[in-house]
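Visitor: Quick one: the structure is below, questions incoming.
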Amino acid sequence: MTDPASPPTERSGRVLLAFYSPASDNYWNSGRRVLRIGNTAVVTSMIADKIGCDVVELQATDPYPDAHDLTVERNVREQEDDAPPGDHDGAARPVRL
């Protein structure tokens, strides 16, 4: 059995890169602006192009607010309440970036 903590090799099979990246009010060039594609999605695309992996975007069942400050406030509350990270609906959605 392959150790899930070890890096993938040719013998361990394919790589699946899962990510969560809201396209909303985000940091951009030392400021903030509404982005059509979230920052993590951009980096995910770069990684996927480099290693040729499958990509799945995670979606929150209860979407986070578009405003960055409100999203941060909610995240802080979730951490203080020890809530599980990013409640999702369990659906895997392959995406093309």
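Visitor: Of the residues that sit in the stretch 36-54 and are aliphatic (A, V, I, L, M) and out of contact with any Phe, Trp or Tyr (no Cβ under 7 Å at 6 or more places or on another chain), which one is modelled with the lowest pLDDT?
Guide: Here the answer is Ile37.
Visitor: What pairs can you find where one residue is in the stretch 39-65 and farther than 13 Å from Pro22 by Cβ and acidic (Asp, Glu), the other is loosely packed, with under 10 Cβ neighbours inside 10 Å and at pLDDT below 85, and their Cβ atoms are less than 8 Å apart, with a gap of 6+ or different chains?
Guide: Asp54/Arg14; Asp54/Pro94
Visitor: Please verify whether the stretch 22-35 includes one or more residues that are in a helix (DSSP H, G or I) and modelled with pLDDT of 80 or more.
Guide: No.
Visitor: Please state which one of Pro85, Pro65 is modelled with pLDDT under 80 and either loosely packed, with under 14 Cβ neighbours inside 10 Å or not polar (S, T, N, Q) (or both).
Guide: Pro85
Visitor: Kindly provide the set of residues from the stretch 39-71 that are part of a helix (DSSP H, G or I) and small (Gly, Ala, Ser), ordered by number.
Guide: Once the filter is applied, which keeps residues that are part of a helix (DSSP H, G or I) and small (Gly, Ala, Ser), the stretch 39-71 yields Ala41, Ser45, Ala48.
The values are calculated or read from the model by the stated rules, or taken from the named source; none is laboratory data. Keep in mind the model is a prediction, meaning the values are calculated, not measured. Here the Cβ is made from the backbone with ideal geometry for all residues, glycine too, and neighbour counts use every protein chain on show.
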